[in-house]
Amino acid sequence: MASKFYQFKATSLQGKEIAMEEYKGKTILVVNTASKCGLTPQYEGLEKLYQKHKDSGLVILGFPCNQFGNQEPGNAQDIQEGCLINYGVSFPMFSKIDVNGPQTHPLYEYMKSKQGGWFGKRIKWNFTKFLISPEGQVVDRFSPTSKPENLEKDILKYLN
């Protein structure tokens, strides 16, 4: 049975609709991001992780969000330029979404329903991470302060 994860779609920073099904068979790390956050340097660690393991099936999906301290105020172009210029981000980045509240993106509703956190299902802050298995199962959730390099052992369990 196909995972519900693959039924979702999201809009890339370039304005293209992307089906999560495009990532079927990959190990996916989904992260809500912000470019003006104390945790923003995690982009660097995420990119290193992506470069190290993308050929083994890892993909990282970044979802900018402005719901925490107005730390992602820019438009798509600002976000894209900031990610590229400051951190060399090459993994897929999506357009700005809500991860909590009435306008929560359906993908986040789904992931939160599968992996709650310390604060129930709410996302606590920027850089909350969800690990998705190659079968599309939401297998883990990591706090905003979990450094990307510390997730490697968990990710390796699911790589080809």
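Only the coordinates and a few stated rules stand behind these numbers; no lab work does. Model, not experiment: these values are computed from the prediction. Here the Cβ positions follow ideal geometry from the backbone for every residue, glycine too, while neighbour counts run over all protein chains shown.
Converting phi to 3J(HN,Hα) with the Karplus coefficients 6.51, -1.76 and 1.60 and the offset θ = phi - 60°, region 9-23 yields 10, 8, 9, 5, 4, 7, x, 9, 6, 10, 7, 4, 4, 4, 9 Hz in sequence order, with x at every glycine or proline.
Ranking Q80, G38, M111 by how far each Cα lies toward the positive end of the dipole of the chain (charges on Cβ) leaves M111 at the top.
The ellipsoid equivalent to the alpha-carbon distribution of the chain has semi-axes of 21, 18, 16 angstrom, derived from the gyration tensor eigenvalues as √(5λ) and listed largest first.
In percent, rounded to a whole number, the relative contact order of the chain is 31, using alpha-carbon pairs under 8 Å and six or more apart.
Ordering C37, C83, C65 from the fewest to the most neighbouring beta carbons within 10 Å gives C37, C83, C65.
Backbone amide hydrogens, once placed in the peptide plane, bring S12 within less than 5 Å of E17, I18, S95, excluding anything fewer than 5 places away on its chain.
Rounded to the nearest 20, the Cβ-based charge dipole of the chain about its Cα centre (Lys and Arg +1, Asp and Glu -1) stands at 440 debye. Beyond 28 Å in Cα-Cα separation lie the following of the pairs K4/K36; K9/K52; K36/K157: K4/K36; K36/K157. Beta-bridge orientation, the chain: approximately 60 percent antiparallel, per DSSP, counting only bridges with both partners inside.
Can you sort F142, F130 so the residue with the fewest Cβ neighbours within 10 Å comes first?
Details: F142 20, F130 24.
Taking fewest neighbouring Cβ atoms as first place, the list is F142, F130.
Helices in the chain, meaning DSSP H runs of at least 4 residues, each add -39500 (n - 2.57). Divided by all residues, the mean residue ellipticity at 222 nm is -7000 deg cm²/dmol.
Just to be sure I follow: if Rg is taken over the C-alpha atoms of region 1-66 and Rh is the Kirkwood radius over the same atoms, what is Rg/Rh?
Details: Rg = 13.0 Å, Rh = 13.1 Å.
Looking at region 1-66, the ratio lands at 0.99.
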